[in-house]
Amino acid sequence: MKRILNLFVFFILSLSASAQDPSFTQFYSSPLFLGPSFAGGIAGHRTVLNYRNQWMAIKDAYQTYSLSWDHNFINFHSGLGFNIIRDVAGSGNLGNTRGGLLYSYDFTPFPEWHIKA
């Protein structure tokens, strides 16, 4: 009975697997997708818009869109931003849209060191 229950739990958990994350050729051009701790990484604010069309010779291949914005609050030693990513695969209805709100805090244990979490 325990073995059947384990197999059932394993089967249910395997149904929620996903394929792959979107990827960018120049991934450092999308800093908030690379790591949420980059929110507020520069003074002022920053807006980034990315587009990737993988396999251009194939009609309706993989396309990825990304929009992100962040702002550095110097007085609060923190950064706030958001990120929206749309990934479309093929000519059918295979795609997903994800978004997130990002926050980072800048710890300075020494004047020369910065730890962003």
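Here, each number is a calculation from the coordinates, and none is a lab measurement. Keep in mind that what you see is a predicted model, and the values were worked out from it rather than measured. Ideal geometry is used to build each Cβ from the backbone, glycine not excepted, and the neighbour counts take in all protein chains shown.
Pairs of Cα atoms nearer than 8 Å and 6+ residues apart set the relative contact order; for the chain it is 20 percent.
Using the rule -39500 (n - 2.57) for each DSSP H run of four or more residues, divided by the residues of the chain, the 222 nm mean residue ellipticity is -4000 deg cm²/dmol. Relative to the current alpha-carbon distance between ASN96 and TYR65, full extension at 0.36 nm per residue lengthens the span by 10.1 nm.
Extension gain for PHE76 to TYR28 (0.36 nm times residue separation, less C-alpha to C-alpha distance): 14.7 nm.
Can you tell me the orientation of helix 2-14 relative to the chain, as the angle in degrees between its alpha-carbon axis and the longest Cα principal axis, to the nearest 10? Roughly 60 degrees between the two axes. Gain on full extension, evaluated as 0.36 nm per residue between VAL9 and ILE58 minus their Cα-Cα distance, stands at 13.7 nm.
The smallest convex shape that holds all Cα atoms of the stretch 6-117, its convex hull, gives 151 Å³ per residue. Dipole check for the chain: with +1 at the C-beta of Lys and Arg, -1 at the C-beta of Asp and Glu, and the Cα centre as origin, the magnitude is about 420 Debye. Projecting the Cα atoms of THR97, ILE85, ASN6 onto the dipole axis of the chain, where Lys and Arg carry +1 and Asp and Glu carry -1 at the beta carbon, places ASN6 farthest toward the positive end.
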